[in-house]
Amino acid sequence: MNQIRVGIVGLGRLGKIHATNLAQNVPGAVLVAACSFSDEELAFAATELGIEEIYNSYEDLIASPNLDAVCIVSPSGYHPEQIRQAMEKGLHVFCEKPIGLDLEEIKRTVQVIHDHPEQIFQLGFNRRYDESYLYAKNLIDNGELGDLMVIRSYGLDPISGLKSFVKFAKASNSGGIFLDMSIHDIDVIRWFTNKEVVRVWAIGKNSAYPELDQLNELETGSAMMQLEDKTMAILVAGRNAVHGYHVETEIIGTKGMLRVASVPEKNLVTVFNENGVVRPTSQNFPERFREAYISELKEFIDCIKEKRQPGISAYDGLQNTVVALACQKSFETNQIIEIL
Ligand code: NAI
C-alpha cells in the first residue's frame with residue numbers, strides 16, 4: 001500500500017487547509033475526491049488541487065471505488081453519521097473535532113468504530129501534534145513538574161475572524177463556545193493529566209457583539225473544573241481577541257510550572273518603531289497550527305500504513321464532548337455539574 005487514497009468532505013475554513021495538505025504536503029497520501037455543498041469550493045478543488053472526482057453528496061463520495069480513507073471536515077453535527085457510514089464502507093476515518101454534538105449519537109458512533117478495529121480512526125485535536133504542546137507533554141510525563149496542581153488554558157479567536165464565525169454558526173449549529181472552542185482546552189487538560197474531569201462550573205458574557213446573542217452564542221465563556229485527583233483547571237474561550245489568535249496553556253506543578261505560548265508570537269521578530277517594542281502576533285488558526293495540521297495528517301497516513309491506532313481515541317472524543325456539554329449545561333442552568 002504505497003499511496004493512501006483519500007476523499008475529503010467539507011472544503012470550508014478548515015477543509016481547504018486539510019485538502020491542500022493532503023494534496024501537497026503529506027507524503028504517502030493522494031487526494032482523489034472531494035465533496036462540498038458549494039460549487040465555488042468544488043471549483044477550488046478541481047482547479048487548484050487537480051481533483052478529478054467531485055461530489056456534492058457524501059453518499060456518492062464514499063461510494064467511490066477509489067478510496068482507502070476519508071477526511072471529514074463538515075459541520076460538527078454531521079460527524080457521527082458520516083463516521084458511521086464511512087466505517088461501514090470499510091474506510092479509514094480522520095474526523096475533525098468535535099466527534100459530534102449529541103451524546104447518544106456519539107456513543108452509537110464509538111460502538112461502530114470499536115466494531116471495526118482494523119480501520120484507523122483519528123480525531124482532529126491538533127494541539128496534540130503541535131511541537132510546543134508535545135514538548136510540554138514530554139516534560140510532564142518525565143515528572144519534571146512534579147504532581148500537577150493547576151492547569152489554565154485559553155483559546156481566544158481573533159476579532160478579525162468573527163465575520164467568518166457568524167457565517168459558520170448561521171450555516172449550522174457550532175454546539176456553542178464550549179463544544180466548538182473549549183473542547184481543545186478540555187482535550188489538553190485530559191491529555192496532560194491523564195485524569196478525568198468530575199465537576200464543572202461555567203459562566204459567560206456577551207458585550208461587544210450583540211449579534212452573538214441572536215445566534216445563541218457566547219463572546220466569552222469560562223469554566224472552572226475539578227479533576228478526579230483534585231487537580232484544578234480553569235479555561236477561557238473567547239471570540240474577541242483584538243491582538244490576534246491567542247492559544248495559551250499554563251501548568252503549575254509541585255516542582256515547577258510551565259507556560260505554552262503565553263505570548264502568541266508570530267515568529268522571532270521584534271519591531272522597534274513609533275509604537276514602542278512590538279512583537280508581531282499570530283493572527284488565526286491556519287497560521288498558528290500550520291505545522292500541526294500537517295503533522296496530524298501525516299500521523300493518520302502512517303497509522304494506516306503501519307496498522308496501528310493513533311494516541312487520540314474515539315473514547316477521548318466522547319469524554320471531551322461529555323465535559324464540554326457539562327460546561328454548556330452549567331452555563332445555561334447556573335449550576336455546578338457533576339460528571340462521574
Ligand atoms: P465551514 O462552515 O467553513 O465549512 C463546512 C463545509 O462543509 C463546507 O464546505 C460545506 O459545503 C460542507 N458541508 C456542509 N454540510 C455538509 C453535509 N451535510 N455534507 C457534506 N458537506 C457539507 O466549517 P469549518 O470552519 O471548516 O469547520 C468544519 C469542521 O472543522 C467543524 O467540525 C469545526 O469544528 C472543525 N474545525 C476545527 C478546527 C481545528 O483547529 N481543529 C478549526 C476550524 C474548524
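The values are calculated or read from the model by the stated rules, or taken from the named source; none is laboratory data. None of the values given here were measured: they were computed from a predicted structure. Glycine also receives a Cβ, built like all others from the backbone with ideal geometry; neighbour counts cover every protein chain displayed. In case anyone asks, the SASA skips ligands and DNA or RNA and just uses the protein heavy atoms, side chains included. Shrake-Rupley method; radii C 1.70, N 1.55, O 1.52, S 1.80 Å.
Just to verify a result, which residue in the stretch 188-202, among those that are touching a helix residue (DSSP H, G or I) at 6+ places or on another chain (Cβ under 6 Å) and of a type in the set (A, V, I, L, M), is nearest to the ligand (Cβ to nearest atom)? The extreme case among them is V188.
Give me the residue from the stretch 130-157 that is among the charged types (D, E, K, R) and out of contact with any strand residue (DSSP E or B) (no Cβ under 9 Å at 6 or more places or on another chain) and, out of that set, most open to solvent (accessible area, probe 1.4 Å). Steps first, please.
Of the stretch 130-157, the ones among the charged types (D, E, K, R) are 130-131, 137, 141, 144, 147, 152, 157.
Next, only the ones that are out of contact with any strand residue (DSSP E or B) (no Cβ under 9 Å at 6 or more places or on another chain) stay: 131, 137, 141.
Numbers: E131: 155, K137: 24, D141: 89 Å².
Once the filter is applied, the top-ranked residue is E131.
With respect to the conditions (1) in contact with a helix residue (DSSP H, G or I) (Cβ under 8 Å, 6 or more places away or on another chain); (2) outside any loop (DSSP other than H, G, I, E, B), V32 lacks only one, and its number is (1).
Residue by residue through the stretch 251-269, note down the ones that are of a type outside the set (V, I, T) and part of a loop (DSSP other than H, G, I, E, B). Within the stretch 251-269, K255, G256, A261, S262, P264, K266, N267, L268 qualify.
Pairs are defined by a Cβ separation below 6 Å, a sequence spacing of at least 6 or placement on different chains, a first member in the stretch 238-255 that is among the polar types (S, T, N, Q), and a second member that is surrounded by fewer than 17 Cβ atoms within 10 Å (Cβ to Cβ) and modelled with pLDDT under 95; the pairs so defined are N240/A208. Screening N2 against (1) within 12 Å of the ligand (Cβ to nearest atom); (2) in a loop (DSSP other than H, G, I, E, B); (3) farther than 21 Å from A292 by Cβ leaves a single unmet condition, (1).
Annotation: L325 fulfils all but one of (1) assigned by TED's automatic domain parsing to the domain that holds L179; (2) more than 21 Å from the chain's Cα centre (by Cα); (3) part of a helix (DSSP H, G or I); the unmet one is (2).
Would you call N273 at pLDDT below 95, away from the ligand (no atom under 16 Å from the Cβ) and open to solvent by less than 80 Å² (accessible area, probe 1.4 Å)? Here the answer is no, as N273 does not meet what is asked. Exactly one residue out of R239, R279 is outside the structural domain of R13 (by TED's automatic domain parsing) and either among the hydroxyl-bearing types (S, T, Y) or open to solvent by 50 Å² or more (accessible area, probe 1.4 Å) (or both), and it is R279.
Could you identify the single residue in E248, E296, E291, E287 that is modelled with pLDDT of 95 or more, in contact with a Gly (Cβ under 7 Å, 6 or more places away or on another chain) and not in a loop (DSSP other than H, G, I, E, B)?
Working: E248 fails: in contact with a Gly (Cβ under 7 Å, 6 or more places away or on another chain); E291 fails: in contact with a Gly (Cβ under 7 Å, 6 or more places away or on another chain); E287 fails: in contact with a Gly (Cβ under 7 Å, 6 or more places away or on another chain).
Only one candidate qualifies: E296.
Identify, from the list S160, S207, S174, S182, the residue that is among the small types (G, A, S), under 21 Å from A223 (Cβ atoms) and open to solvent by 40 Å² or more (accessible area, probe 1.4 Å). Spell out the reasoning first.
On the way: S160 fails: under 21 Å from A223 (Cβ atoms); S174 fails: open to solvent by 40 Å² or more (accessible area, probe 1.4 Å); S182 fails: open to solvent by 40 Å² or more (accessible area, probe 1.4 Å).
Criteria check complete, one pass: S207.
Residue selection: A63 satisfies the criterion of being open to solvent by 40 Å² or more (accessible area, probe 1.4 Å), over 25 Å from A171 (Cα atoms) and either aromatic (F, W, Y) or within 15 Å of the ligand (Cβ to nearest atom) (or both). For the stretch 15-56, filtering for residues that are within 12 Å of the ligand (Cβ to nearest atom), under 20 Å from E291 (Cβ atoms) and open to solvent by 30 Å² or more (accessible area, probe 1.4 Å) leaves 2.
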